[in-house]
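Single-structure report; data block below.
The values are calculated or read from the model by the stated rules, or taken from the named source; none is laboratory data. None of the values given here were measured: they were computed from a predicted structure. Ideal geometry is used to build each Cβ from the backbone, glycine not excepted, and the neighbour counts take in all protein chains shown. The accessibility values were calculated without ligands, DNA or RNA, using every heavy atom of the protein model including side chains. Shrake-Rupley method; radii C 1.70, N 1.55, O 1.52, S 1.80 Å.
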Amino acid sequence: MPTHITAVINQKGGAGKTTLSMNLAAGLSRRGDTVIVDLDPQGSARQWASLGTAPFPATVKQMAPGKWDAKTLHQTFKAYRHVVLDCPPSLDSAASLAALRACDVALIPVLPSPVDLWASLRLPQEIDEARKVNASLKAYLVLNQLEPKSALSVAMHDALAEFGIPVLNAAIRRRAIYRGAALEGVSVFEMGGRGALAAAEIEAIINEVIAP
Ligand SMILES: Nc1ncnc2c1ncn2[C@@H]1O[C@H](COP(=O)(O)OP(=O)(O)OP(=O)(O)O)[C@@H](O)[C@H]1O
Ligand SMILES: [Mg+2]
């Protein structure tokens, strides 16, 4: 089977790209060998994986911007079943746009506030642009840091409709375990019973769009 590439992208800082990338990669590694490509010069994914006492379940690699495209990614990572691209918080970096051109699925984590979504308004345009060379690109918003029990505001529903990119049914709640896992250099899958609800959220995302 060809390597499946998922890009986790949003120019808005702190939306949850690295949290989603790392946990997604850990979940995917249970299905087949998985590599996370840390495209952020901040190197957060690499640092995260280096904190754990045991090796992180997915390999973390870094790649210099401008040095790769879909073809070279497939070539470099042909031994892997899944590639997850953790993008930097910028659309002006060559890395984010190259990721959109190279991936099968783009996941866009967004915080459930219209203001946060407005900060990402250029993304739908860039996705359309990427589709000129990557016609089968699928893109979805993933709501992150949802508060338990609180419904999305009317303003947020309006903002999502205006954004024009489908929202995954599977969403991520605000849970201390996501921060806890990062601090320990592991994923929520390694947190035992305390991580079970979070792990189920990540599994639901994988089942919905990556490996149904
Ligand atoms: N669902 C969640 N529940 C609780 N905390 C979360 C959740 N998602 C992310 N966080 C926390 O929010 C902060 C930002 O998350 P993260 O680093 O994943 O965002 P990012 O988009 O990668 O940021 P950057 O734009 O700097 O790369 C981190 O402290 C992370 O632990
Ligand atoms: Mg990050």
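Please go through the range 17-48 and pick out each residue that is more than 13 Å from ligand 2 (Cβ to nearest atom) and more than 20 Å from G195 (Cβ to Cβ). Those that are more than 13 Å from ligand 2 (Cβ to nearest atom) and more than 20 Å from G195 (Cβ to Cβ): G32, D33, V35.
Pairs meeting the criteria (first residue in the range 25-38 and closer than 16 Å to E208 by Cα, second residue small (G, A, S), beta carbons under 6 Å, at least 6 apart or on different chains) are A25/A58; R31/A211. Pairs are defined by a Cβ separation below 9 Å, a sequence spacing of at least 6 or placement on different chains, a first member in the range 82-111 that is at pLDDT below 95 and more than 16 Å from ligand 1 (Cβ to nearest atom), and a second member that is open to solvent by 10 Å² or more (accessible area, probe 1.4 Å) and in a loop (DSSP other than H, G, I, E, B); the pairs so defined are A94/P65; A94/G66.
Is there a residue in the range 50-69 that is open to solvent by 10 Å² or more (accessible area, probe 1.4 Å), over 21 Å from E184 (Cβ atoms) and within 12 Å of ligand 1 (Cβ to nearest atom)? It would help to see each step written out before you state the result.
Step one: of the range 50-69, the residues open to solvent by 10 Å² or more (accessible area, probe 1.4 Å) are 50-57, 59-69.
Right, trim to over 21 Å from E184 (Cβ atoms) and you get 61-69.
In the following step, the residues that additionally are within 12 Å of ligand 1 (Cβ to nearest atom) were identified as none.
Scanning the range 50-69 turns up no residue that is open to solvent by 10 Å² or more (accessible area, probe 1.4 Å), over 21 Å from E184 (Cβ atoms) and within 12 Å of ligand 1 (Cβ to nearest atom).
If you check G32, G27, which single one turns out to be at pLDDT 95 or above and crowded, with 22+ Cβ neighbours inside 10 Å? If you could, list the steps in order and put the result at the bottom.
Numbers: G32 fails: crowded, with 22+ Cβ neighbours inside 10 Å.
Result of the check over G32, G27: G27.
In the range 51-75, the residues that are assigned to a helix (DSSP H, G or I) reach residues that are polar (S, T, N, Q) with C-beta atoms within less than 9 angstrom, at least six apart or across chains, in these pairs: A70/N134; L73/T3; H74/T3.
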